[in-house]
Amino acid sequence: MSEIEITTHIAAPPEACFDLARNVAFHAESLEHTGERIVEAPARPLLKLGDDVEFEGRHFGVRQRFRARITAYDSPRWFRDEMVRGAFAAFVHDHLFEATETGTLMCDRIQFAAPFGLVGRLFEKAVLKRYLSRLIAERAAEIKRAAEG
């Protein structure tokens, strides 16, 4: 299992950052370059504890679906989404928001494992970790842009 941690300072209150991070439409918009689209989600825009959401996007040239569930929730400080169905053997994403004097320190912590045994672990180390780090950093930059704008 690999881990990624991306920390972003945002000049906006934690509540605004928290809400952007759990906004289904904003998620799809922020990953538009992957062709991300909402397949299934609650009727309301903001996810809450127990909600499932499914997205489809193109990664590594392949259209993939990813279904996650919000399994932990402490507004506006933290929530966790966990893969229910998708291409990973395991995927857990903690979203943390800490108030600072100048806004919010947002931290994305992800634990993930690729499928396919040894070949998957090699791909995870050689390619997937860097790819996911860049993807999560791009998404964090979009949250920052929207929250500060």
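On a per residue basis, the range 21-123 carries 53 Å² of accessible surface, using protein heavy atoms and a 1.4 Å probe.
A Förster radius of 30 Å, combined with the Cβ-Cβ distance separating R85 from C107, puts the computed FRET efficiency at roughly 0.70.
Loop-located chymotrypsin sites (Phe, Trp or Tyr not before Pro) across the range 88-149 with a Cβ neighbour count of 16 or fewer within 10 Å are F116, with loop assigned by DSSP. The structure shown yields Cα Rg over 2.2 N^0.38 Å, and of the options (1) 1.26; (2) 1.11; (3) 1.01 that calculated value carries the label (3). Efficiency by 1/(1 + (r/R0)^6): what FRET value for E32 and L118, r their Cβ-Cβ distance, R0 = 30 Å, to the nearest 0.05? So the FRET efficiency works out to roughly 0.30. Could you compute the FRET efficiency for S75 and Y131, with r as their C-beta to C-beta distance and R0 at 35 Å, rounded to 0.05? Between S75 and Y131 the formula returns 0.70. Modelled spin labels at R65 and E148, positioned 7 Å past Cα toward Cβ, are 3.8 nm from each other.
The values are calculated or read from the model by the stated rules, or taken from the named source; none is laboratory data. None of these values were measured; they are calculated from a predicted model. Cβ sites come from the backbone with ideal geometry, for glycine too, and all protein chains shown count toward neighbours. Only protein heavy atoms, including side chains, enter the accessible area calculation; ligands, DNA and RNA are left aside. Shrake-Rupley method; radii C 1.70, N 1.55, O 1.52, S 1.80 Å.
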